[in-house]
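The values are calculated or read from the model by the stated rules, or taken from the named source; none is laboratory data. A quick note: this is a predicted structure, and the numbers were derived from the prediction, not measured. Using ideal geometry, Cβ is built from the backbone for each residue, glycine included, and neighbour counts are taken over all protein chains shown. To get the accessible areas, we keep the full protein, side chains included, count just its heavy atoms, and leave off ligands, DNA and RNA. Shrake-Rupley method; radii C 1.70, N 1.55, O 1.52, S 1.80 Å.
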Amino acid sequence: MPILYIANKNYSSWSLRPWLLLTELGIPFEERLVPFGDDNRASFGQFSPTAKVPCLDDEGLLVWDSLAIVEYLNEQYAGVWPENPKARAWARCASAEMHSGFGQIRNLCSMNCGLRVKLHHWSPELSAEWQRIDALWRQGLRDFGGPFLAGEHFSAVDAFFAPLAFRAQSYQPSLSMEANAWVQRMLALPGMQAWYKAALAEPWRDADHEAEAAAAGVLLQDMRAPV
């Protein structure tokens with residue numbers, strides 16, 4: 001059975017993507033969570049050649065980087081990408097854009113599932129990135145009929161944007177009715193509910209991730225179990 005190495009569910013957006021895809025598609029795997037710490041390179045380097053998460057170990061064959069893991073799974077399982085060629089092409093483009101872009105969102109709206117934060121300032125650059133996200137989601141929902149981004153069924157493109165659903169919950173960006181509906185649909189998925197519940201229960205706090213959220217805005221609420 002493949003082993004998926006991930007980090008803290010409260011923080012690790014990259015870990016969430018393949019974990020959610022595997023979970024929602026019912027693909028068997030073993031989860032191994034290694035929390036962030038003072039020396040991530042040493043701890044993550046024990047299982048990943050890049051000393052980063054996620055990393056998939058399939059009987060000794062290592063597949064690192066979330067996009068590579070998705071494509072590896074696509075070679076073995078149905079449903080990873082949409083069957084419709086146009087939807088599949090769009091889904092891959094949108095996922096690649098998420099994989100390589102949106103630096104303002106990553107820096108100023110870091111994933112911290114348990115927090116509700118009011119940002120100090122919505123810069124034009126940050127607002128523009130959320131507007132682009134909104135436009136992408138509306139395009140997918142419109143062109144392929146919903147309720148998921150590339151059609152009737154959950155697929156890898158939904159997994160790639162799943163961390164944005166948690167970020168939208170935490171930072172409350174201005175989104176269209178259609179985009180907000182997709183966020184709520186994602187948050188209601190069994191896999192997202194399980195991830196969120198586990199994230200709130202985690203006993204760890206990572207100083208760097210906590211500092212990112214504190215620098216970005218005013219803490220309105222911390223939903224996590226006390227430590």
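Quick notes
- From the options Ser43, Ser100, residue that is over 18 Å from the mean Cα position of the chain (by Cα) and either closer than 21 Å to Tyr11 by Cα or at pLDDT below 95 (or both): Ser43
- Residues that are among the small types (Gly, Ala, Ser) and at negative phi within the stretch 133-178 comprise Ala135, Gly140, Ala150, Ser155, Ala156, Ala159, Ala162, Ala165, Ala168, Ser170, Ser174, Ser176, listed in sequence order.
- Among the helices (runs of 4 or more DSSP H) confined to the stretch 146-227, the ones with at least 2 residues that are open to solvent by 40 Å² or more (accessible area, probe 1.4 Å) are located at 177-187, 190-201, 207-216.
- Inter-residue pairs, beta-carbon under 7 Å, first without any contact (Cβ under 8 Å) to a residue 12 or more places away in the chain and under 18 Å from Leu115 (Cα atoms) and in the stretch 1-15, second of a type outside the set (Phe, Trp, Tyr) and surrounded by 24 or more Cβ atoms within 10 Å (Cβ to Cβ), 6+ apart: none
- From the list Arg106, Arg142, the one residue that fits, being among the basic types (Lys, Arg) and over 20 Å from Trp14 (Cα atoms), is Arg142.
- Residue count for the stretch 46-79 under the criterion of being polar (S, T, N, Q), more than 15 Å from the chain's Cα centre (by Cα) and farther than 15 Å from Ile27 by Cα: the result is 3.
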